[in-house]
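Participant: First, the structure itself, so that you have it in front of you.
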Amino acid sequence: MEKGGNLNMKKVIIAEKPSVAKNIADAFNIKMRKDGYFQGEDYIITWAFGHLLQLYDAKDYDENMKSWRMDKFPFIPEKFKYKVKCNSTNRAAIDFGAEKQINIIKSLIERDDVDEIILATDYDREGQVIGDELLLYLNVKKPIFRILLNEWTEEELKKGMADLKPNEEMKSLQDAGISRQWSDWIIGINLTSAATLRYNPGDKKILNIGRVLLPTLKIIYDRDKEIENFKASTYYKLAATFKTKNGEEFEGTYYENDNEKFDDKEILENISKLLKDKNAEIIEKQVEKKKDYAPLLFNLSGLQGYITSKYKGWTSDKVLKTAQVLYEKKFTTYPRTGSVALDESLKEKTKKVLDVIKKGLPYESQIQFIDNKRIFDNSKVESHSAIVPTYIKASGLNADEETVYNAIKNRFIMQFLPVSVYEETKLVSKISGETVKGVFISKGKVQLAVGWHIVEKSETKDNILPMVSEKDITEVIGSTVNEVTKKPPKLHNEKTLLRVMETCGRSYKDEEDTDAMMASILSGFSIGTPATRAETIKKLKDASYIIAKGKSLTCTELGKTLVEIFPARELLDLEYTGRLEKTLSDIEKAKFKKAEFLDMIKEFTVNAVDSIKKDTSMLKNFKAELPEGAEAIGVCPICGNPVIENEKGFGCTNWKNGCDYTIWKNDKFITSLGKSVTKLMVELLLKNGKVGFRNIKSKKGTTYSAYLRYVRDDKTGHYKWEMEFIS
Ligand SMILES: [Zn+2]
């Protein structure tokens with residue numbers, strides 16, 4: 001190769017994962033694989049393994065942080081720094097694979113024949129940070145570009161390469177990603193450490209506290225409580241059977257003033273008696289054709305909810321991982337999306353995909369491309385469209401991949417099948433004469449056109465009413481009063497939990513409010529993001545805060561206690577957490593400043609650590625051992641453990657767990673009264689809650705008697721003496 005001059009200049013493409021790098025290499029027909037990269041004429045394609053770097057641990061900033069002590073928190077570094085990520089099984093060692101890959105990337109970027117870098121990490125906050133943290137760490141000075149894709153097929157890749165963006169234009173996405181990363185570090189490290197030191201220090205178990213973790217736990221806790229507090233109640237309904245002239249029978253439910261639920265059984269029993277040998281007249285018949293539209297395309301939580309509730313043994317985490325594999329295999333589009341519609345620019349492409357996907361299906365002839373707002377709607381798309389198949393026909397899938405792929409494919413196809421149509425009939429029967437005040441209502445439903453239901457056949461229960469007309473007379477041939485017991489709400493499962501996280505606990509009546517709901521979801525007002533929710537649920541299980549009972553999720557004793565005692569209540573408030581998440585989303589849209597957000601997080605953390613330090617609610621759960629040879633003088637009023645004498649005072653044996661109940665021998669207040677702290681005095685104080693002193697000298701020189709109490713100020717955490725005069 002000549003020096004200088006005619007070097008064939010190349011671009012280094014950095015993918016988020018090896019599998020994606022392979023897709024890119026395939027698209028450009030690059031076959032030469034070297035150690036850690038593919039080498040082509042114009043492109044060198046290398047990869048990360050997700051994050052290759054991680055933020056410094058507290059002890060990397062400050063040696064003193066190695067010993068874990070309450071007085072060292074809150075700890076907030078002035079400037080955040082990155083290091084090669086740790087080995088996932090041995091946190092003391094670095095990940096040598098990551099280090100090696102960083103060095104490969106560095107040497108590629110520094111090559112003389114490389115003049116540009118192209119970041120091909122995923123088009124989202126995390127992908128942006130994975131790329132940017134690495135390039136900042138390597139102090140890259142060459143121009144950096146960004147490719148932004150929704151799928152890794154050859155066609156899209158080539159389009160994307162022709163439409164690169166300067167990486168500077170991604171600043172707000174980077175800010176949002178970094179804000180997320182740093183704020184989770186600040187909150188996670190400080191609150192996890194403070195809470196563990198305060199509430200769980202004897203036990204080695206770490207009490208994991210996080211920005212998204214706690215509100216999610218609270219959602220599950222609230223449902224548990226709702227069930228616990230549920231009071232079973234019953235109501236009654238009256239059903240009558242009618243017979244037409246032709247001998248056909250149908251049933252109706254008794255209504256008075258639009259209500260069919262009665263608290264008083266007797267009222268209905270009396271009406272039931274009146275029905276004997278009566279006729280009824282059909283006073284109203286309504287027949288309505290109703291359309292049943294296919295459910296909207298999947299966003300991630302929709303897909304997770306669908307799979308976890310339909311199939312056994314699936315978690316949302318597993319659904320995301322499988323969807324991620326399908327995306328990396330080029331069979332489906334980007335999975336971590338909140339959108340349930342497609343960008344309007346995708347119409348032509350979608351038509352093409354549909355042509356490939358529908359081939360060979362038994363109902364192929366019914367599938368037809370249509371363009372409507374339920375499918376294509378820019379107002380319902382943010383960065384990424386809904387999850388759909390690509391034009392590449394999936395092959396070689398394992399059983400799990402097949403399950404997820406078919407769900408995505410079927411949901412896609414449903415959009416292009418006819419609407420399902422059914423006929424709903426409503427009959428209103430009035431008992432002849434004036435004895436019965438209310439009416440009987442019967443409803444029938446008949447499916448007229450299967451439409452999209454053909455894709456996933458579900459048992460539709462047609463309820464057919466006989467052919468009758470208004471004014472027809474029928475005969476009442478029977479009636480029963482039925483007791484109905486109101487059921488308690490069900491435990492959350494992953495599907496219902498994801499829905500609450502996605503909507504931040506606001507309820508929307510399905511179809512009619514879809515627009516409002518989607519607007520809220522896309523504004524970012526939610527608990528976590530599509531990308532993080534599955535992991536949050538998994539973390540809650542790993543931390544033993546919740547357990548799964550079949551598909552249901554419920555709090556453990558630990559999780560329940562944590563929700564009840566955790567003093568930084570904002571973290572348990574869905575509105576508060578929703579606003580934080582929305583702020584991150586606003587940073588991404590350049591509507592909010594990173595620095596301001598981080599200041600907010602720092603202030604919250606400082607206050608939260610302070611409130612944990614002052615909290616004593618959990619100390620009672622710990623039993624401290626009486627040290628050998630020590631004598632218990634009494635019981636600690638804060639935590640119930642023995643108080644013993646030591647050199648400088650009388651203190652609680654539970655100090656290791658954070659109980660700081662101590663009466664110092666040189667207590668200033670007691671000495672100022674001319675008294676001293678003795679063993680007998682402490683013994684009486686602990687036994688009676690107060691201790692009396694006689695002959696206390698006042699400043700005026702008179703003497704008086706008083707009881708003294710030693711009390712803890714819950715706000716400051718300090719102890720002080722309270723005096724009660726004895727007259
Ligand atoms: Zn104590």
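The values are calculated or read from the model by the stated rules, or taken from the named source; none is laboratory data. It should be emphasised that the depicted structure is a prediction, and the values quoted were computed from it without experimental measurement. For neighbour counting, all protein chains shown are included, and Cβ atoms are generated from backbone atoms with ideal geometry for every residue, glycine included. Just so you know, the surface numbers come from the protein's heavy atoms only, side chains and all, with ligands and any DNA or RNA stripped out. Shrake-Rupley method; radii C 1.70, N 1.55, O 1.52, S 1.80 Å.
Participant: Rounded to the nearest Å, what's the spacing between the alpha carbon centres of region 102-160 and region 627-645? Just the number, please.
Facilitator: Computed from Cα coordinates, the inter-centre distance equals 62 Å.
Participant: At 222 nm, what helix-only mean residue ellipticity would the chain give, in deg cm²/dmol to the nearest 500, using -39500 (n - 2.57) for each DSSP H run of four or more?
Facilitator: Working: 20 runs with 250 residues, N = 727.
So the helix-based figure for the chain works out to -11000 deg cm²/dmol.
Participant: Sort all Cα-Cα distances of the chain into consecutive 10 angstrom bins from zero, then give the percent of pairs in each bin up to the one containing the longest distance.
Facilitator: With 10 Å bins starting at 0, P(r) equals 2, 11, 16, 18, 16, 13, 10, 8, 5, 2, 0, 0.
Participant: Largest first, how would Ile94, Ile220 line up by accessible area (1.4 Å probe)?
Facilitator: Details: Ile94 55, Ile220 0 Å².
So the residues, ranked largest to smallest area, are Ile94, Ile220.
Participant: May I ask you to list the GluC sites (Glu not before Pro) in region 670-727 that are in a DSSP loop and have at most 12 other Cβ atoms within 10 Å of their Cβ?
Facilitator: On the way: sites: Glu683, Glu722, Glu724; in loops: none.
In loop regions of region 670-727 (DSSP not H, G, I, E or B), there are no sparsely surrounded GluC sites (Glu not before Pro).
Participant: Whenever you get a sec, line up Lys352, Lys487 from highest to lowest accessible area (probe 1.4 Å, protein heavy atoms).
Facilitator: Working: Lys352 80, Lys487 170 Å².
If we order Lys352, Lys487 from most to least accessible, we get Lys487, Lys352.
Participant: Out of all DSSP beta bridges with both ends in the chain, state the antiparallel percent to the nearest 5. Intermediate results must be reported in sequence, preceding the final value.
Facilitator: Numbers: 87 of 102 bridges.
Percent antiparallel among DSSP bridges in the chain is about 85.
Participant: Using a cut-off of 20 Å between alpha-carbon atoms, which lysines can reach Lys349, once sequence neighbours fewer than 8 places away in the same chain are excluded?
Facilitator: By straight Cα distance, Lys349 reaches Lys158, Lys159, Lys329, Lys330, Lys358, Lys359, Lys373, Lys380, Lys393, Lys409.
Participant: Could I ask something else about it? Where does each of 700-710, 520-530 land if you order them by average Cβ count within 10 Å, highest first? Walk me through the numbers before you get to the answer.
Facilitator: Details: 700-710: 13.5, 520-530: 22.5.
Output ranking for 700-710, 520-530: 520-530, 700-710.
Participant: Could you count how many Lys pairs in region 667-727 have their Cα atoms under 13 Å apart, skipping same-chain pairs fewer than 8 positions apart? Spell out each step's value before the answer.
Facilitator: Values: Lys668/Lys720; Lys675/Lys697; Lys679/Lys687; Lys690/Lys720.
Lysine pair count for region 667-727: 4.
Participant: With θ set to phi - 60° and the Karplus curve 6.51 cos²θ - 1.76 cosθ + 1.60, what are the ³J(HN,Hα) couplings of region 695-707 in order, to the nearest whole Hz, using x for Gly and Pro?
Facilitator: Per residue, the Karplus-derived 3J(HN,Hα) values read 6, 7, 8, 8, 5, 6, x, 7, 10, 8, 10, 7, 8 Hz.
Participant: Just to verify a number: what accessible area does Trp182 come out at with the full protein assembly present, 1.4 Å probe, Å² rounded to tens?
Facilitator: Surface open to solvent at Trp182 totals about 40 Å².
Participant: Further, regarding this structure: Let me cross-check Arg579: its accessible surface, 1.4 Å probe, with only protein heavy atoms counted, in Å² to the nearest 10?
Facilitator: 130 Å²
Participant: Checking the cross-link filter: which aspartates and glutamates have an alpha carbon closer than 20 Å to that of Lys285, excluding same-chain neighbours under 8 positions apart?
Facilitator: Partners found: Glu248, Glu249, Glu251, Glu256, Asp258, Glu260, Glu423, Glu424, Asp462, Glu470, Asp472, Glu475.
Participant: Thinking of region 1-72 as a set of Cα atoms, what percent of all their pairs are more than 13 Å apart?
Facilitator: Details: 1847 of 2556 pairs.
Result: 72 percent of Cα pairs exceed 13 Å.
Participant: Next up: Could you order Ser676, Ser19 by accessible surface area, starting with the largest, using a probe radius of 1.4 Å? The partial results should precede the final answer.
Facilitator: On the way: Ser676 70, Ser19 45 Å².
Listed by decreasing accessible area, they come as Ser676, Ser19.
Participant: In square angstrom, rounded to the nearest 10, how much accessible surface does Val353 have for a 1.4 Å probe?
Facilitator: 10 Å²
Participant: Something else now. Roughly how many Å is it from the Cα centre of region 21-89 to that of region 432-501, as a whole number?
Facilitator: Measuring centre to centre over Cα atoms gives 58 Å.
Participant: Still on this structure: Tell me, what is the Rg over Rh of region 224-285, with Rh the Kirkwood radius over Cα pairs? Please report the intermediate quantities before stating the final value.
Facilitator: Working: Rg = 16.4 Å, Rh = 14.3 Å.
With Rh from the inverse mean 1/r over Cα pairs, Rg/Rh is 1.14.
Participant: When the accessible area of the chain is computed with all protein chains present and a 1.4 Å probe, what percentage of it is carbon and sulfur?
Facilitator: Working: 18050 of 36630 Å².
That fraction is 49 percent.
Participant: Need one number: % antiparallel among DSSP beta bridges in region 1-159, to the nearest 5. Intermediate results must be reported in sequence, preceding the final value.
Facilitator: Details: 10 of 24 bridges.
Percent antiparallel among DSSP bridges in region 1-159 is about 40.
Participant: Now for a different question. In whole Hz, with x marking every Gly and Pro, tabulate ³J(HN,Hα) for region 545-560 from phi via Karplus 6.51 cos²θ - 1.76 cosθ + 1.60, θ = phi - 60°.
Facilitator: Taking θ as phi minus 60°, the curve returns 7, 9, 10, 9, 10, x, 8, 8, 10, 8, 6, 7, 4, 4, x, 5 Hz for region 545-560.
Participant: How many angstrom separate the Cα center of region 291-310 from the Cα center of region 170-233?
Facilitator: 28 Å
Participant: Excluding residues on the same chain fewer than 8 positions from Lys273, give the lysines whose Cα lies under 21 Å from its Cα.
Facilitator: Lys237, Lys243, Lys261, Lys265, Lys430, Lys437
Participant: May I ask which residue of Val421, Leu274, Asn398 lies farthest towards the positive end of the charge dipole of the chain, with charges of +1 (Lys, Arg) and -1 (Asp, Glu) on Cβ and the Cα centre as origin?
Facilitator: After comparing all options, I get Asn398.
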